[in-house]
Amino acid sequence: MRRALILAWTEVLHVVRDRATLAQVLLIPFIQLLVLANAATFEIRDTPLYVVDQDHTSVSRGLVTRFAASGDFRIAGASASPELANERLLAGDVTMVLTIPREFERNLVRTHSGVVQLVVNAEKGMAAGIVQFYASRILTRYAEELGAAGTTGLAPSGVEPPPRPGAPRVDVRTRAWYNPSLDYRHYMVPGILVALVTLIGTLLTAQNIAREKELGTLEQLNVTPITRAQFIAGKLLPFWFLGMFELAGGLVIGRLVFGVPVLGSPLLLLAVAAVYLVAALGTGLWISTIVETQQQAMFVTFFIMMIYLLMSGLFTPIDSMPRWVQVVAEFNPVRHFVGISRAVLVKGATLRDIQRPFIILAVFAAAVFTLAVRQYSKRAT
């Protein structure tokens, strides 16, 4: 153990003397967290909307006013010509076209129903669905206002309008648990923090042994009495402490700057992080033992990290992925630690609640550390 600590201290001295590496480890993750937590958002605001109002009545103007005042949409143009609207949509200047047909108000009064058309630019996929949901919500609320005033309801084209006054209706009341304010940062900040620490820690450890090979100092270490397990442990310990520092600092920033709730035990989260970092950094050291240069280490690391992040549930839910992807994602340590971080911080989960993913992390950490030691042994003999 003493030999591993001595080797770890030499790694600490190397990081401290290399100011570029020190800045990369201590400052860049916090700067990226502050930037990405505001950039990686599921909210869509000020969507450009083009209005084709062919009715020009008080009801149609009231509907347009509701869209403009919602904060979700920005009126980017208006006319009575569908052709002009289609041109703006094709050019990408607007995302949605709202068409209010002629005799819209008259139909509301006579038949107690009205239809409007929403044309959405769906090339952005998921964003189009969110925009459509925002628009439907505005229409529903406006229909409730008209119904309360004795007029009727309205709906997008192809959607059944709300029931007439006096008709049976279901009163649905919803409650948002764990994130009642629906603040996306409470969901994203823990995941982004895990991703940043994993990316930087894995990249640095992946370059570690490869740098020794390029400098020719690895052969000198191989003739010393230090064992292979002590060598890997000595290489891992400095970055393990740095990773724990970054996680703790990131949690403080998340709490103070973004208001991320801490409903569970921070000590429990740090204890799980201690195991997770062995898995993440051990992966980097394993990569470093199988490559010959730092450039190769960077390519392999980014290849693995892309798979880690895309299959972690950080940006897209695991449940919506194909079944075979869900099975493969069970072997992804980032997926499990992201889930644990969100559960502990936002839900107040205890050790019993996170027992299964924690055991998977522990097994993965032990396996990848052993793999790194065995791989290095082949290189050393």
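The values are calculated or read from the model by the stated rules, or taken from the named source; none is laboratory data. Predicted model only: the values in this text are computed from it and were never measured. Virtual Cβ from ideal backbone geometry, glycine too; neighbours counted across all protein chains shown. Quick note on the areas: whole protein, heavy atoms, side chains included, nothing else; ligands and nucleic acids left out. Shrake-Rupley method; radii C 1.70, N 1.55, O 1.52, S 1.80 Å.
Here are the numbers for this structure:
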{"read-out": "Residues whose placed amide H lies under 5 Å from that of Ile75, excluding near-sequence neighbours", "value": "Leu49"}
{"read-out": "Per DSSP, loop chymotrypsin sites (Phe, Trp or Tyr not before Pro) in the range 42-96 with at most 14 further Cβ within 10 Å", "value": "Phe42"}
{"read-out": "For the range 222-265, accessible area per residue (1.4 Å probe, heavy atoms of protein chains only), Å²", "value": "46"}
{"read-out": "Which of Phe104, Ala122, Leu90, positive extreme of dipole for the range 75-128 (C-beta unit charges)", "value": "Phe104"}
{"read-out": "Volume per residue that the Cα convex hull of the range 284-381 spans, once the total is divided by residue count, Å³", "value": "114"}
{"read-out": "Rel. contact order, % - alpha carbon contacts under 8 angstrom, at least six apart, the range 285-351", "value": "25"}
{"read-out": "Highest to lowest packing among 312-325, 92-105, 192-205, scored as the average C-beta count within 10 Å", "value": "192-205, 92-105, 312-325"}
{"read-out": "Rounded accessible area of His186 (nearest 10 Å², 1.4 Å probe)", "value": "30"}
{"read-out": "Under the Karplus curve 6.51 cos²θ - 1.76 cosθ + 1.60, θ = phi - 60°, whole-Hz ³J(HN,Hα) for the range 69-75, x wherever Gly or Pro sits", "value": "8, 6, x, 8, 10, 10, 5"}
{"read-out": "Carbon and sulfur %, accessible surface of the range 292-374 computed with the full protein complex present, 1.4 Å", "value": "70"}
